[in-house]
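These notes concern the structure reproduced below.
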Amino acid sequence: MKIIGPDALLFGVDDLEACTQYLTDYGLTPVGDGRFEAMDGTAIVIAAKDDTSLPADMGNGCQLRKTLYGVADEATLNAVAEELGKDREVRRLEDGSIEALDDMGFTLGFQLTIRRDYEAPAEVVHSPGSNAPKRELNELGVDPSVKITPRSLSHLVYFVPDGDKAEAFYRDRLGFRVTDRLVGAGPFMQPGGTQDHHTLFMIQAPEFMRGLEHFTFHFGGPTEVMLAGSRMVEKGYQSFWGPGRHQMGSNWFWYFNSPFGARMEMDADMDLHDEQWVAREIPISAEISQAFLFQYREKWIPGPGGGK
């Protein structure tokens, strides 16, 4: 099945004003009706928690109401509907998408992807060596005033009470594959329509924790993550973890607390894998979770009176 990845996450939130400000400060573009888009059109959609147009909540305070996946073609959409219809209700919505529950009670949607092409410069470094790509002469590597817009909805992470059952659903019913596994936590999973290391990670947790752990967008590179994250800190948002770089997936990261009842991450430069990749299985630990980790501090300059 050519499921590409999440096109949108729908939330029923406690504080619309705070969530609107947060998503705008994060860099997403408000386009109306509670929708905030990245460059490729993937989005976060927010509504008040009592909005009756939203799917039902999970009954435990989780504000995520729906994960809407984009698929590459009508054949995939029909295949998903047929497969899930074998043992659960599959609803056809007016916009042509389908909707069903997964085995953990999360509401899933599937639609022909709305992802669009866009043009944005890639981050290039001056790496020594005659064959290495380089910036043009006199082209600066950083502009502190540059506008930064997230490029694409990357992945999300669920807390699930039955990791084996949850993994089997996405693997056997939807064609996701495990690209790596943190033993003691859960699997990183990649759907068939993308080469991203993962669009879904699941963490075994008690039933009362069932819900969304974090979600994130891809940025253009580590410099964008560092600049955008620094701006978030300077606006008063609380950094939770990072900046740093993961080992599983290799993506740069910076996590922030958010008004969504979950962390919101920034990421960049995730590994790409095809069917030749052999999944690793490594016990979870702080050492394996990150290759390195920085700690944000207020700006300072060296010299007399400049640093402590």
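Note on the chain: GNM, Cα springs under 10 Å; of TYR158, TYR296, TYR26, the largest mean-square fluctuation is that of TYR296. Averaging the Cα positions of each part gives two centres, and for segment 177-216 and segment 1-19 these lie 17 Å apart. Listed peptides 193-200, 31-38 appear in the order 193-200, 31-38 once ranked by packing, highest mean of other Cβ atoms within 10 Å at the front. Using a 10 angstrom cutoff on alpha carbons, build the Gaussian network for the chain and name the most mobile of ALA47, ALA75, ALA262. The residue with the greatest mean-square fluctuation here is ALA75. For the chain, averaging the sequence separation of C-alpha pairs within contact (under 8 Å, six or more residues apart) and dividing by the residue count gives a relative contact order of 17 percent.
Within the straight-line cut-off of under 18 Å between alpha carbons, the lysines reachable from LYS165 are LYS86, sequence neighbours fewer than 8 places apart in one chain being disregarded. Here the chain is treated with +1 on each Lys and Arg Cβ and -1 on each Asp and Glu Cβ, and its dipole about the Cα centre works out to around 740 debye. Pairs from the table (LYS134/LYS299; LYS235/LYS299; LYS49/LYS147; LYS49/LYS235) lying more than 21 angstrom apart at Cα are LYS134/LYS299; LYS49/LYS147; LYS49/LYS235.
Think of each Lys and Arg Cβ as +1 and each Asp and Glu Cβ as -1; about the Cα centre, that makes the dipole of segment 174-250 roughly 20 debye. Taking every alpha-carbon pair in the chain and binning the separations at 10 Å intervals from zero gives 6, 26, 35, 23, 8, 2, 0, 0 percent. Picking from ASN257, ASN131, ASN60, which is most flexible by a Gaussian network model of the chain using Cα springs under 10 Å? Looking only at ASN257, ASN131, ASN60, the biggest GNM fluctuation is shown by ASN131. Dipole size of segment 163-308 about its Cα centre, with +1 on Lys/Arg Cβ and -1 on Asp/Glu Cβ: approximately 480 debye, rounded to the nearest 20. Taking the charge dipole of the chain about its Cα centre, with +1 at Lys and Arg Cβ atoms and -1 at Asp and Glu Cβ atoms, the residue from PHE106, GLY261, ASN78 reaching farthest to the positive side is GLY261. Considering all C-alpha pairs of segment 1-61, those separated by over 14 Å amount to 59%.
Taking 0.36 nm per residue of sequence separation and removing the Cα-Cα distance, the VAL146/ALA168 pair yields an extension gain of 3.6 nm. Taking label positions 7 Å along the Cα-Cβ direction at both GLU94 and GLU234, the computed distance is 4.5 nm, reported to one decimal.
With the simple model of a label 7 Å out from the Cα in the direction of the Cβ, THR20 to ALA48 spans 1.2 nm. Inter-part distance, segment 26-69 to segment 103-149, computed on C-alpha centroids, equals 24 Å.
Sorted from longest to shortest, the spans of the Cα atoms of segment 47-198 along the three principal axes equal 60, 37, 35 Å.
None of the figures in this text is laboratory data; all of them are computed from the coordinates on show. A quick note: this is a predicted structure, and the numbers were derived from the prediction, not measured. Heads up, the Cβs are rebuilt from the backbone with ideal geometry, glycines too, and the neighbour counts pull from every protein chain shown.
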